[in-house]
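Novice: One structure, pasted below without further comment.
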Amino acid sequence: MDESGGSGQPRPGNDGAGPEAPPTARTTDPAHPEQQRDRTTRATPPEGTTDAPAPGDPDTPRQDPASPPREPAAPHEAPGAPTREEDPDTAASPQHPTPAPTPDRPTTPPPGPPAVPARSHARSGPDGQGRPPHRSQEPGGGILMGRPFGVPVYVAPSWFLVAALITWVFGGQLDRVLPELGAARYLVSLFFAVAFYASVLIHELAHTVAALRFKLPVRRIQLQFFGGVSEIEKEAETPGREFTLAFVGPLLSLVLAGIFYLALQTVRPGTVPGVLLAGLMISNLIVAVFNLLPGLPLDGGRMLRAVVWKITGRPMSGTVAAAWVGRALAVTVLIGLPLLTQSGALGSSAEDNVGMDTVTDALLAAILAAIIWTGAGNSLRMARLREHLPELRARALTRRAVPVESDTPLSEALRRANSVGARALVVVDAHGAPLSLVREAAIVGVPEHRRPWVAVSGLAQELTDGMRISAELAGEDLLDALRAAPATEYLVVEETGEIYGVLSAADVERAFVKAMARPS
């Protein structure tokens, strides 16, 4: 199915009581005239033209210097003073912006959760999240089994529990069909479990190949509890591509069911090969049919989303419709599956479906319903996030900064920053070219009485190419840039190379959280 994740903050103007906070230099946005006079961050300002933020501000969360913004476990909101533009909604920040996909079902699945949170396409067993964007170079997620088409395939620990359960249940069925096997029936059952998940992997690879064909990056494939998921990091650009991307998974499962049916005709019934082929044919047919149900996070829900998107012209409308159908489907599974089993409509007599079997059926229905309901909700959250992503603009979130030379005492640098309401410090050379950024966490760690004897260069992090970002970046492009070079602060520059200010990963995270919480 488709699833598509306290250091004090400087306080401007705090020149008296309390510790000073790290300033953030930043210039003006042409769209905000009141900021034009603030573009004093280009060169070292004269004495008294800068002011420093207060490091011990209890209202702001402490950020780990090693953790950059990432795509989306769900981020937690941290209080903090708003940044440059006066909109407090933009003061949220994803320390780890990067999606985790929702539970997997037998078909295709954000923010990617993520581009944004990675969006899980294709959950091939009955199984589909939103989180801020953070992307590690190696996604992880279990035991690495290989890299078909360059995409890592992982087996989650939960798979071994399901494999054991399948081995036990299928072994019991074999004892009735082939009693002469004895204990060897469990080896045959284990082979069936592995072969079934190989079919699930083929289902997921179908989604992956289609995504790569459409130039959509795939983060990983994961085989897990109740199926598998392909984490596709970007949305399809058109409803037609979305429909194709979702449909190829169930289509491959149907093709596999047909292949196993044809192979079944060549063997004798009542033999081990016959039982295995029949089991694989039926299981792949169930996977295909289940995934074609028209509700998120199943592949059928993605197909319904594409149809509504095509009709209305709005992808969000398609997501809302398919998500609510998915929730209705979850309730239907919760109530209907036990009733069907008890009625004997699934093949066994009603008299046999009592006791432990009733409890097992109810538990299975509850698990499937919870997976579908959660996946539908995650799909809605991811869609809302993607809709609000363009509101994350580097220019709006950047803190104003003050340029200082490397031998400037910290107390003097903070005084300059406080004098102009800046909240960051940029270390520059004699010609005003930026060399490094003074880390907010480092400033907070210096006692106030030692600041006159500590040079800012000792608290600065050298600038790398990845720590220089354009003031024009916004949305997924901004998150991609932050994930590519994890850091706590970034130098924001104009297209001319002029310093605009400093962007804090903490500010981006808070903006990310608020974007997810804001209604469409």
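The values are calculated or read from the model by the stated rules, or taken from the named source; none is laboratory data. Bear in mind the structure is a predicted one, so any value in this text is a computation, not a measurement. Reconstructed Cβ throughout: ideal geometry from the backbone, glycine too, with neighbour counts over all protein chains shown. Just so you know, the surface numbers come from the protein's heavy atoms only, side chains and all, with ligands and any DNA or RNA stripped out. Shrake-Rupley method; radii C 1.70, N 1.55, O 1.52, S 1.80 Å.
Novice: If you take the residues in region 271-303 that are of a type outside the set (A, V, I, L, M) and open to solvent by 50 Å² or more (accessible area, probe 1.4 Å), which one is farthest from residue 242 (Cα to Cα)?
Specialist: Among residues in region 271-303 that are of a type outside the set (A, V, I, L, M) and open to solvent by 50 Å² or more (accessible area, probe 1.4 Å), the one farthest from residue 242 (Cα to Cα) is 273.
Novice: Go through (1) closer than 24 Å to residue 460 by Cβ; (2) in a helix (DSSP H, G or I); (3) touching a Pro at 6+ places or on another chain (Cβ under 7 Å) and name the single condition residue 415 misses.
Specialist: (3)
Novice: Looking at region 376-400, I want the residues that are in a loop (DSSP other than H, G, I, E, B) and have a partner that is open to solvent by 20 Å² or more (accessible area, probe 1.4 Å) and at pLDDT below 80 with Cβ atoms under 8 Å, at least 6 apart or on another chain. Which pairs are those?
Specialist: Partner pairs satisfying both residue conditions: 398/84; 400/38; 400/84.
Novice: Name every residue in region 449-503 that is part of a loop (DSSP other than H, G, I, E, B) and either open to solvent by less than 20 Å² (accessible area, probe 1.4 Å) or over 12 Å from residue 398 (Cβ atoms) (or both), in order of residue number. Let's see the steps before the verdict.
Specialist: Going through region 449-503, the residues part of a loop (DSSP other than H, G, I, E, B) turn out to be 454, 463-464, 471-473, 485-488, 494-498.
Selection gives 454, 463, 464, 471, 485, 486, 487, 488, 495, 496, 497, 498.
Novice: When residue 330 is evaluated against the numbered criteria (1) in a helix (DSSP H, G or I); (2) open to solvent by 30 Å² or more (accessible area, probe 1.4 Å), which criterion, by number, is the only one it fails?
Specialist: (2)
Novice: I'm trying to understand the selection: among the residues of region 260-270, which are open to solvent by 90 Å² or more (accessible area, probe 1.4 Å) and either among the β-branched types (Val, Ile, Thr) or assigned to a helix (DSSP H, G or I) (or both)?
Specialist: Start the filter on region 260-270 by keeping residues that are open to solvent by 90 Å² or more (accessible area, probe 1.4 Å), which leaves 261-262, 265-266, 268-269.
Passing the criteria: 261, 262, 266.
Novice: Could you tell me which of the residues 385, 380, 389, 368 is more than 19 Å from residue 317 (Cα to Cα), among the hydrophobic types (A, V, I, L, M, F, W, C) and in contact with a helix residue (DSSP H, G or I) (Cβ under 9 Å, 6 or more places away or on another chain)?
Specialist: Only one candidate passes the filter, namely 368.
Novice: Restricting attention to region 190-223, and to residues there that are of a type in the set (Ser, Thr, Tyr) and in contact with a strand residue (DSSP E or B) (Cβ under 6 Å, 6 or more places away or on another chain), which single residue is surrounded by the fewest Cβ atoms within 10 Å (Cβ to Cβ)?
Specialist: The residue in question is 197.
Novice: If you don't mind, another one. Would you confirm whether or not region 304-322 contains a residue that is within 18 Å of residue 255 (Cα to Cα), touching a Ser or Thr at 6+ places or on another chain (Cβ under 8 Å) and buried (at least 22 other Cβ atoms within 10 Å of the Cβ)?
Specialist: no
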